[in-house]
Amino acid sequence: MIYDSYFGRIWDKLSKVTQIYCELMFKTAGELSGCEYYETDEHLRKPPEDGWKPLEGGKRWGGEWQNMWVRGKAVVPASAAGKKLYVKPDTSAVEILCFRDGKPSGIINSKGSDVMNGLHSASFITDGAREGDEYDIALECYAGHFCVGTSPYDNYGKTEPDEHDFDRVYHKTELVTLDEDVCGFVFDLKTVLALARYTDDANAVKAKAKNTLEAVLEDVVLYPLHYPEEKWRNSIKAAREAMADVLAHGESGDNLGYVGIIGHSHMDTAWLWPVSETVRKCARTYANALSLMEQDADYKFIQSSALHLDWMRLYYPDIFADIVRRTAEGRYEPNG
């Protein structure tokens, strides 16, 4: 049995490993071509028809309540053929609603710059990309607004935003592919880390997970950028093999239990922004849930508030149509 202090050091090192390797989960395949922009303070519900201007990296935009739309073509390069393709913008926006071929298709937010935060740093385009295929991509980028917060002393002594609080800079919009080997390793490791720390002490799985992590620490390259790719790839393959037994479902007789997970996002109808912004927040959230259903056949989502569903019917009919379709499949549950 591993001593607690020794295990703590192992756990800390391997937690850092998940952060390091998550930066390798997406690989740049190209950039959005023919980029244009459109600035507005309006809450548009679809990409504008006219008024677009050529867009280059370094473009400054923003201001409280301001939006910049970005559009361009995603042309699948040879290096992305057969892979999962995503769009990964670097706009410094607080939140982005992505449109693929005119339809809302997902969310990107600044809190998701860490890949582990729900993969919110990139938005899914297609699975099994084919070289030369083209997709029209549009991004509704929101600069943000002053939000006092809900905890004591948040923004203490500050009654209004500073002049440059919402200044933003557009840099580029990349096309990226998902490295499924790295992704699998990162999430396997996070699962074993959780088993080792949070499983009940009386459960044999906890001890097995701790011993497994000790083996993983011996196998894995801790600093992949300092080594040839072949070496660190072989190391994560060995690490996944070491984790396979503790992640197996019931074959060893261990009481692993069962966890059923249903997606949900609590949406306040009127909170720290006007209702018109809540409509957009609902659109971003529900479009993302539908995108996850497209990527994972097992994903399900429960959505509270009939009012929010009616907003989708009124303002985002494509999202509403997909909600109706997924509801009929038993995967999207309107709940009130």
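The values are calculated or read from the model by the stated rules, or taken from the named source; none is laboratory data. For clarity, every value in this text was computed on a predicted model and none was experimentally measured. No Cβ is skipped: glycine too gets one built from the backbone with ideal geometry, and neighbour counts run over all protein chains shown. Note: areas computed on protein heavy atoms with side chains; ligands, DNA, RNA excluded. Shrake-Rupley method; radii C 1.70, N 1.55, O 1.52, S 1.80 Å.
The rows are residues; the columns are (1) surrounded by 17 or more Cβ atoms within 10 Å (Cβ to Cβ); (2) in contact (Cβ under 8 Å) with a residue 60 or more places away in the chain; (3) basic (Lys, Arg).
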| site | (1), (2), (3) |
| --- | --- |
| Gly34 | no, no, no |
| Pro47 | yes, yes, no |
| Arg71 | yes, yes, yes |
| Ala81 | no, no, no |
| Tyr86 | yes, yes, no |
| Asp90 | no, yes, no |
request  = Name the one entry in Leu14, Leu24 that is assigned to a loop (DSSP other than H, G, I, E, B) and more than 21 Å from Arg284 (Cα to Cα).
outcome  = Leu24
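Of all residues in the stretch 142-185 being of a type in the set (Gly, Ala, Ser) and in a loop (DSSP other than H, G, I, E, B), which is farthest from Ala238 (Cα to Cα)?
Only one residue tops the list, namely Gly157.
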ask   = Of the residues that sit in the stretch 124-141 and are touching a helix residue (DSSP H, G or I) at 6+ places or on another chain (Cβ under 8 Å) and either farther than 27 Å from Leu55 by Cα or not in a loop (DSSP other than H, G, I, E, B) (or both), which one is most open to solvent (accessible area, probe 1.4 Å)?
value = Asp127
ask   = What is the one condition in (1) touching a Phe, Trp or Tyr at 6+ places or on another chain (Cβ under 9 Å); (2) modelled with pLDDT of 95 or more; (3) under 19 Å from His120 (Cα atoms); (4) open to solvent by 30 Å² or more (accessible area, probe 1.4 Å) that Gly51 does not satisfy?
value = (3)
ask   = Which of the residues belonging to the stretch 252-294 are more than 15 Å from Pro104 (Cα to Cα) and among the polar types (S, T, N, Q)?
value = Ser252, Asn255, Ser265, Thr269, Ser276, Thr278
Residue that is in contact with a Cys (Cβ under 8 Å, 6 or more places away or on another chain), more than 30 Å from Trp52 (Cα to Cα) and not hydroxyl-bearing (Ser, Thr, Tyr), where the choices are Val192, Val186, Val148, Val216 = Val186
query = Do you know which of the residues in the stretch 53-108 that are part of a strand (DSSP E or B) and small (Gly, Ala, Ser) is farthest from Gln295 (Cα to Cα)?
reply = Gly62
inquiry  = Considering only residues that are in contact with a strand residue (DSSP E or B) (Cβ under 9 Å, 6 or more places away or on another chain), surrounded by fewer than 16 Cβ atoms within 10 Å (Cβ to Cβ) and not small (Gly, Ala, Ser), which ones fall in the stretch 265-293?
reply    = His266
key: Cβ pairs under 9 Å, 6+ apart, first in the stretch 6-18 and without any contact (Cβ under 8 Å) to a residue 12 or more places away in the chain and farther than 23 Å from Asp181 by Cβ, second assigned to a helix (DSSP H, G or I) and open to solvent by 20 Å² or more (accessible area, probe 1.4 Å)   = Tyr6/Glu214
query = Taking Asp188 and the conditions (1) at pLDDT 95 or above; (2) more than 30 Å from Glu329 (Cβ to Cβ); (3) of a type in the set (Asp, Glu), which numbered condition does it fall short on, given that it satisfies the others?
reply = (2)
query = Could you count how many residues in the stretch 201-234 are in a helix (DSSP H, G or I), closer than 15 Å to Leu189 by Cβ, free of Cβ contacts under 8 Å to residues at least 24 places away in the same chain and open to solvent by less than 30 Å² (accessible area, probe 1.4 Å)?
reply = 1
task = Please identify the pairs in which a residue from the stretch 296-314 that is open to solvent by 60 Å² or more (accessible area, probe 1.4 Å) has its Cβ atom under 7 Å from the Cβ atom of a residue that is part of a helix (DSSP H, G or I), counting only partners at least 6 apart or on another chain.
result = Arg313/Phe320
note = Within the stretch 156-180, of all residues that are in contact (Cβ under 8 Å) with a residue 12 or more places away in the chain and open to solvent by 90 Å² or more (accessible area, probe 1.4 Å), the one nearest to Ala129 (Cα to Cα) is Glu180
note = Filter the stretch 235-263 for residues that are among the β-branched types (Val, Ile, Thr) and surrounded by fewer than 16 Cβ atoms within 10 Å (Cβ to Cβ); the one that is modelled with the highest pLDDT is Ile262
Residue satisfying condition, being more than 27 Å from Glu180 (Cβ to Cβ) and either under 23 Å from the mean Cα position of the chain (by Cα) or modelled with pLDDT of 75 or more (or both), within set Gly106, Gly102 = Gly102
note = Here the residues within the stretch 168-180 that are acidic (Asp, Glu) and modelled with pLDDT of 95 or more are Glu174
